[in-house]
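The values are calculated or read from the model by the stated rules, or taken from the named source; none is laboratory data. Bear in mind that the values here come from a model prediction, so they are computed numbers and not experimental data. Here the Cβ positions follow ideal geometry from the backbone for every residue, glycine too, while neighbour counts run over all protein chains shown.
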Amino acid sequence: MDISCAKLVGGVAVLLTAMGYGYKIHIDRKTLKLEKNDLEHQRKHLINEARIKELEKKNGSEQKQIDQLKEQLEEQTKKLETIIKKCQKKEKK
């Protein structure tokens with residue numbers, strides 16, 4: 001066998017072995033990439049995305065509550081400031 005034929009057979013054997021272990025093969029003109037095709041990783045990724053969406057929904061409602069409480073605090077501080085000013089005016093008289 002020629003050396004080039006041996007290289008070709010060896011390359012094909014490596015590619016078939018990689019495919020058997022679950023790797024994706026990307027072949028361009030000058031490059032050859034092997035990527036692990038991990039279905040379990042994809043499932044975990046989808047589960048994590050769903051969890052993130054749930055947390056964002058919860059944070060949205062909690063943020064509304066926080067905004068409402070801030071408004072209530074601001075109103076109460078304004079009322080207290082007016083009461084303090086009235087008391088100070090009475091003391092001056």
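Can you name the number of the only condition in (1) in a helix (DSSP H, G or I); (2) surrounded by fewer than 10 Cβ atoms within 10 Å (Cβ to Cβ) that residue 15 fails?
Residue 15 satisfies all of (1) in a helix (DSSP H, G or I); (2) surrounded by fewer than 10 Cβ atoms within 10 Å (Cβ to Cβ) except (2).
Being of a type outside the set (A, V, I, L, M), under 30 Å from residue 15 (Cβ atoms), part of a helix (DSSP H, G or I) and not assigned by TED's automatic domain parsing to the domain that holds residue 21, is that true of even one residue in the range 45-58? Before the answer, list the steps.
Here is the first cut: in the range 45-58, the residues of a type outside the set (A, V, I, L, M) are 45, 48-49, 51, 53-54, 56-58.
Now restrict to residues that are under 30 Å from residue 15 (Cβ atoms): 45.
If we keep only those that are part of a helix (DSSP H, G or I) too, we end up with 45.
Retained after the next criterion (residues that are not assigned by TED's automatic domain parsing to the domain that holds residue 21): 45.
Looking for residues that are of a type outside the set (A, V, I, L, M), under 30 Å from residue 15 (Cβ atoms), part of a helix (DSSP H, G or I) and not assigned by TED's automatic domain parsing to the domain that holds residue 21, one finds at least one in the range 45-58, hence yes.
Give the range 64-84 a look and list any residue that's over 34 Å from the mean Cα position of the chain (by Cα) and either modelled with pLDDT under 90 or hydroxyl-bearing (Ser, Thr, Tyr) (or both), or say none.
Answer for the range 64-84, where residues must be over 34 Å from the mean Cα position of the chain (by Cα) and either modelled with pLDDT under 90 or hydroxyl-bearing (Ser, Thr, Tyr) (or both): 77, 82.
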